[in-house]
Amino acid sequence: MTARPFDLSRRAVLRLGAVSAVALPLAACSGGYDESPDPLAPLLSAADADAAAARALGDPVAAQVADARAAQAAALKPEVERLNRPKTSSAPAAPASSLGAFKERLATARKQAEDLVPTLPAYRAGLAAAVAAGCASLQRLAPSVGPGDDAQHIVAPAGTGAADAVDSLQKALAAEHAALWVYGTVTAFLPGEYGDALKAGRAEHTARRDVLTQVVEAAGGTPVAPEPAYVPPKPVTDTASAAALVASAEQDCSAAWLGVVTHTDDEPLRRMALQALIATARRGTPWRQEASEKPTALAMPGQPA
């Protein structure tokens, strides 16, 4: 009997199935590689260049800048290599003739990182936010490299983007409550010359607490209440230990605000959290300096040391 045109043998069916199985993964892989330049790559290149330039100056402040920028490069490099996007050619950064050159270099790096935060995927946004805050923290090291712009005052963002980030916002609110307690507690251990810094710090944390309360309520949550008291990680007995406690509170706030950045895709909410992160990082640097803590400026505020 003559086979009909569309009859297939069992072997032919198996052979076609094998071909299809190979073709499907190939089709799935095609077009999946993003050939656009990696937005984090310029941050990595600048951090590497700044670390080398600062190291060459041989200045104590420059050494801190070099260490911090090298740490930022180390944090960025695995993520840039993971995506392996096409490299863009750029002119190598000029050597720094003096420490004063880092006024502009840090300001530029901070601005580049800030601009990326609202639109990157969450993990990458967290990296960029920490780099921006780290550069802002470095700007407080000495007048020769700063002082840099203060963070913008935060306001409650419009819209409903906070609904998916209530847990991280509550953690930020809890950190702000704790910071306010710390600022009240250390007053008894700090001489009068610290009065302005204490007043400014309390005002900043109070404003952020109030905004967070508003945002959490608008998202349908019940704002977390402050604890009656908190246990410092170390006893507070003098000026140095009091300054260290304030620095620790600012560091805790940085971690909480970075958590907001990485737990929302809402651009206005990310912008708000970024400015709060930068503010806590900048305020923490002089307190760490008073406490003689090293490093004085944190390279990636909010991230685990």
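The values are calculated or read from the model by the stated rules, or taken from the named source; none is laboratory data. All values reported here derive from a predicted model rather than from experimental measurement. Reconstructed Cβ throughout: ideal geometry from the backbone, glycine too, with neighbour counts over all protein chains shown. Heads up: the accessible areas ignore ligands, DNA and RNA and are worked out on the full protein's heavy atoms, side chains in. Shrake-Rupley method; radii C 1.70, N 1.55, O 1.52, S 1.80 Å.
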Complete set of residues in region 106-130 that are in contact with a Lys or Arg (Cβ under 9 Å, 6 or more places away or on another chain) and more than 15 Å from ALA273 (Cβ to Cβ): LEU106, ALA109
Test: residue in region 214-228 that is among the charged types (D, E, K, R), under 23 Å from ALA133 (Cβ atoms), touching a Pro at 6+ places or on another chain (Cβ under 8 Å) and in a helix (DSSP H, G or I): no
Criterion: under 21 Å from the mean Cα position of the chain (by Cα), under 20 Å from PRO301 (Cα atoms) and open to solvent by 20 Å² or more (accessible area, probe 1.4 Å) - qualifying residue of ASP149, ASP164: ASP149
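Residue-by-condition table, conditions (1) free of Cβ contacts under 8 Å to residues at least 40 places away in the same chain; (2) aromatic (Phe, Trp, Tyr); (3) farther than 19 Å from VAL155 by Cβ:
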site	(1), (2), (3)
PRO191	no, no, yes
ASP196	yes, no, yes
VAL211	no, no, no
LYS234	yes, no, yes
ASP238	no, no, yes
ALA256	no, no, no
VAL261	no, no, no
ALA273	no, no, no
ALA96 more than 30 Å from GLU204 (Cα to Cα) and not in a helix (DSSP H, G or I): yes
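Let's see how each residue does on (1) of a type in the set (Val, Ile, Thr); (2) buried (at least 20 other Cβ atoms within 10 Å of the Cβ):
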{"residue": "VAL61", "(1), (2)": "yes, no"}
{"residue": "GLN64", "(1), (2)": "no, yes"}
{"residue": "GLN72", "(1), (2)": "no, yes"}
{"residue": "ARG82", "(1), (2)": "no, no"}
{"residue": "PRO86", "(1), (2)": "no, no"}
{"residue": "PRO95", "(1), (2)": "no, no"}
{"residue": "SER98", "(1), (2)": "no, no"}
{"residue": "LYS103", "(1), (2)": "no, no"}
{"residue": "PRO121", "(1), (2)": "no, no"}
Residue in region 80-92 that is at pLDDT below 95, more than 23 Å from LEU269 (Cα to Cα) and either touching a Leu at 6+ places or on another chain (Cβ under 6 Å) or among the β-branched types (Val, Ile, Thr) (or both) present: yes
Residue count, region 77-136 (criterion: without any contact (Cβ under 8 Å) to a residue 24 or more places away in the chain, among the charged types (D, E, K, R) and within 16 Å of ASP38 (Cα to Cα)): 3
Verdict on VAL166 being assigned to a helix (DSSP H, G or I) and in contact with a Gly (Cβ under 6 Å, 6 or more places away or on another chain): yes
